[in-house]
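Chemist: Once you've had a glance at the structure underneath, I'll fire off some questions.
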Amino acid sequence: MKRVVVGLSGGVDSSVAAYLLQQQGYEVIGLFMKNWHDDSVTISNECPWLEDSNDALLVAEKLGIPFQTVDLSEQYKERIVDYMFAEYEKGRTPNPDVLCNREIKFDVFMKIALSLGADYVATGHYCRKGEIEVDGKPVYQLLSGIDKNKDQSYFLCQLSQEQLSKALFPIGGLTKPEVRAIAAEMDLVTAEKKDSQGLCFIGKVRLPEFLQQKLRPKDGLIVEVDANQPVYTNDQPAEGSIQEQLAVQAAPIRYSESMGKVVGKHQGAHYFTNGQRKGLNVGGTPEALFVIATDVETNTIYTGQGHHHPGLFRKALYIDGPEVHWVRQDLTLASGQTMRVKARIRYRQELQDATLHQFENGLYVAFDEPQSAITEGQFCAWYVGDELVGSGVISE
């Protein structure tokens, strides 16, 4: 009987994952991760960890499986929270959920599980794992979940072959309504529980207040750039090598205050991200203002009216060499090679047709259609069919 440690989060998905594994004949142990928690920035009563750990305990009791809580707050602060502060300070927008899976659930947590004699670690993610043979060796696949509304493969885009080899995703072949139905049938306390929306295992956090712990508020200007600004009509001729053309397409526009008009003030450029609409507090424009760029050096936010504003769109993005990660290492591109893929630059985005171009220093992702709000620090993930094969942190 193989032993599996399930990360019981106190939600319905991990509860049903534990039940299904039990049904499949595994010896199941439930562990609840207590990660960094700070009440001063948590929205009151939204997913407090105490309630979650209690629900996880009740599920474990109902299923008759051993249960314990592990405190990973120190590692979480070091690997996730400090990283987030550092990224925001640079004017980038990190994705803590992707990092949490790579650094906490499938690293720190996985090592604890293996020390308990576990063969596998299971989570309630909506994705699937496949296994094929390449050159006589097993290769593990990260496949999207059957429920297209809930597919969470994107959040696991940084996993390695070693991590995948020890991972199980029991609910990846089910839809959310099916998962809830199983929980209700089993009379699990989590059956009707709402999905948590917050940072991975922290709960719902007010991001500006969270960031203000380290990044002091600082008054700056909000500049509106007109859609007819000449900078948008400077179409560079398609000259030079393909690498030079891609570099031009991927390069963000460098704005200056003279390109627009001052329409308001803000509390700090590092609290804002590309494509953001809320929190600007500037009224009186025919269409809503969207953030098209932030400059943490000058502490300026550049905005444009409407979600079709040309400042929001780019045709390509660049990933620096060390940041390129292949889940399927056997598919790694050599310099000069290309690959047709489907890619997404944020969770829930529809997959977009794109071509990968690998060069000596890094990788360009060239999209068939211009993409809105490509954001430094976020992850771009690419797929072949329903398999996520690689990802990387967007450098520009």
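What follows is calculated from the coordinates using simple rules that are stated; it is not laboratory data. Quick caveat, the model's predicted, so the values are computed rather than measured. Please note: Cβ atoms are built from the backbone with ideal geometry, for glycine as well, and neighbour counts cover all protein chains shown.
Chemist: What would the Debye formula give as log10 I(q)/I(0) at q = 0.12, 0.19 Å⁻¹ for the alpha-carbon point model of the stretch 281-396, no solvent?
Modeler: -0.48, -0.98
Chemist: Which translational diffusion coefficient, to the nearest whole µm²/s, is obtained for the stretch 3-212 from the Stokes-Einstein equation, given a Kirkwood hydrodynamic radius over C-alpha pairs, 10 °C and 1.306 mPa s? The partial results should precede the final answer.
Modeler: Values: Rh = 17.6 Å.
After rounding, the answer is 90 µm²/s.
Chemist: What order do you get for 241-251, 299-309 when each peptide is scored by the mean count of other beta carbon atoms within 10 Å, highest first?
Modeler: On the way: 241-251: 15.6, 299-309: 19.7.
Top of the packing list down: 299-309, 241-251.
Chemist: Taking N as the number of residues in the stretch 259-348, what is its alpha-carbon radius of gyration divided by 2.2 N^0.38 Å?
Modeler: For the stretch 259-348, the normalised Cα radius of gyration is 1.46.
Chemist: While we're on this one: P(r) for the stretch 70-137, please, calculated from all Cα pair distances in 5 Å bins and given in %.
Modeler: Each 5 Å bin holds this share of Cα pairs: 3, 13, 19, 18, 16, 14, 8, 6, 2, 0.
Chemist: Show me 126-134, 84-92 ranked by packing, highest mean number of other Cβ atoms within 10 Å first.
Modeler: So the peptides 126-134, 84-92, ranked by packing, come out 84-92, 126-134.
Chemist: Using the membrane-span-like helix rule (whole DSSP H runs, Cα extent along the own axis of at least 15 Å, mean Kyte-Doolittle hydropathy at least -0.5), which helices of the chain qualify?
Modeler: Numbers: long enough: 12-23 (17 Å, 0.52); 49-63 (21 Å, -0.01).
Helix filter hits for the chain: 12-23, 49-63.
Chemist: Quick check on my link table: of LYS77/LYS214; LYS77/LYS265; LYS218/LYS278; LYS129/LYS342, which ones sit more than 21 Å apart, alpha carbon to alpha carbon?
Modeler: Exceeds cut-off: LYS77/LYS265.
Chemist: Moving on to the next point. For the pair THR233 and LYS111, how long in nm is the line joining their label points, each one 7 Å along Cα→Cβ?
Modeler: Inter-label distance under the simple model: 5.9 nm.
Chemist: Could you compute Rg(Cα) / (2.2 N^0.38 Å) for the chain, with N its residue count?
Modeler: 1.05
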